[in-house]
Amino acid sequence: MSELLFCHAPIAALPYYIEELGINIYSMEELCYFIAGNVFLLDDSFMNEELCTWIEKQMGAYKLAENLRNVIHAGRRLSVFVDLILEDTCYYSKAEIDNIVSVLEQLEQKTGFECSKMRADQLMEKEKYLAAIYAYRKLLESEEAKETDALLKGNVWHNLGTAYARLFLFGEAAACYENAYELNQTYESVREALSCYCYMDDEEKLQQKCAQYYIDEHAIENLKKDQKDAKEDARIKEFDQRLEKIQSMLTEGQKIEAKDALNDIIFNWKEEYRRGCKV
């Protein structure tokens with residue numbers, strides 16, 4: 001984890017590994033921090049014997065481990081399980097704990113489909129785009145999807161399109177947005193599909209889809225204007241300035257400096273893309 005956590009409890013010799021996110025947990029404070037930061041990603045699989053054993057053996061919290069096992073055996077809810085961990089560790093204030101538990105209690109009132117969508121949305125927020133794609137795909141292929149409201153299912157297709165677009169897979173994204181529109185009938189889904197065709201410079205497909213969805217010339221002009229405005233974003237201007245600086249270095253014979261600057265840009269691109277593709 002990227003922040004410094006003050007731990008008053010023991011540090012584990014063997015960490016508890018959370019496979020879904022590829023995270024090692026070394027202390028009770030770190031476990032609480034993980035819970036608070038990933039409330040929407042938690043499900044009943046979080047309540048397991050492996051975690052209880054880790055708390056017992058590595059943390060020496062025998063009574064807590066016993067209480068957690070009792071929750072599992074009694075078939076009680078995840079919110080109760082999490083509350084016990086947070087209250088025992090005292091890492092967060094009472095108000096913060098109540099808020100975390102309240103979120104879990106609200107999730108427990110929703111359908112499985114709604115909860116799964118919220119968890120996939122959370123992966124999107126954390127910029128784990130490939131993991132979000134798998135989650136949305138799994139959700140759309142589930143039995144629950146057959147019984148789910150068309151609007152909600154359409155919104156899942158829309159978010160799946162956004163995940164693909166964030167990875168520059170505009171063809172796949174456009175198809176998802178069009179599937180979304182068939183279900184949710186919202187202009188935003190059509191607009192994002194058309195934007196994908198703009199980014200692919202596929203003018204023929206753009207015109208074809210505009211005719212199919214009865215998009216007038218005024219709307220098309222606005223779409224292209226928005227795309228142009230996006231290209232003038234401050235971050236893009238800053239990037240252009242960096243490229244101009246590298247070009248100046250080359251002109252002035254500073255080949256090593258230019259190469260280092262270019263490698264730095266490529267390295268950052270790779271790291272950003274890897275974060276988005278990490279499952």
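Distances between placed amide hydrogens fall under 5 Å for I23 paired with I18, all partners being 5 or more residues away or on another chain. Rounding to the nearest 10 and keeping the result within 0 to 90°, find how far the Cα-based axis of helix 170-184 lies from the longest principal axis of the chain. Between the helix axis and the principal axis of the chain, the angle is about 70 degrees. If the chain linking L250 and K146 were pulled fully straight, counting 0.36 nm for each residue of separation and taking away their Cα-Cα distance, it would gain 31.5 nm.
Classified by the C-alpha gyration tensor, the chain has an oblate form. Its axis ratio a/c, with a ≥ b ≥ c, is 1.5 or above, and a/b does not exceed b/c.
Just to confirm the number: angle between the C-alpha axis of helix 255-277 and the first principal axis of the chain, 0 to 90 degrees, nearest 10? Tilt of helix 255-277: around 60 degrees. In plain terms, the chain is cut at each of the chymotrypsin sites (Phe, Trp or Tyr not before Pro) found in a DSSP loop with at most 13 other Cβ atoms within 10 Å, and the longest leftover piece is 7-167.
Carbon-plus-sulfur fraction of the accessible area of the chain, 1.4 Å probe, in percent?
51
A run of the chain free of exposed loop cleavage sites, with GluC sites (Glu not before Pro) counted only in DSSP states other than H, G, I, E and B and at most 10 other beta carbons within 10 Å, reaches its longest extent at 20-140.
If you plug the beta carbon distance of Q185 and N263 into 1/(1 + (r/R0)^6) with R0 = 51 Å, you get a FRET efficiency near 0.60. Calculated accessible area for the chain comes out at 60 Å² per residue, all protein chains present (probe 1.4 Å; ligands, DNA, RNA ignored).
For the chain, the 222 nm mean residue ellipticity estimated from helices alone, with every DSSP H stretch of n ≥ 4 adding -39500 (n - 2.57) and the total spread over all residues, rounds to -22500 deg cm²/dmol. For the chain, the longest principal axis of the alpha carbon atoms and the long axis of helix 217-231 meet at an angle near 70°. With the whole protein complex present, M59 retains an accessible surface near 20 Å², based on a 1.4 Å probe. With contacts taken as Cα pairs under 8 Å and at least 6 residues apart, the chain reaches a relative contact order of 13 percent. Note on the chain: GNM, Cα springs under 10 Å; of I23, I215, I246, the largest mean-square fluctuation is that of I246.
The values are calculated or read from the model by the stated rules, or taken from the named source; none is laboratory data. Here the structure is a predicted model, which is why all the values come from computation and not from measurement. Using ideal geometry, Cβ is built from the backbone for each residue, glycine included, and neighbour counts are taken over all protein chains shown. When the accessible area is computed, the model is the full protein with side chains, heavy atoms only, and any ligands, DNA or RNA have been set aside. Shrake-Rupley method; radii C 1.70, N 1.55, O 1.52, S 1.80 Å.
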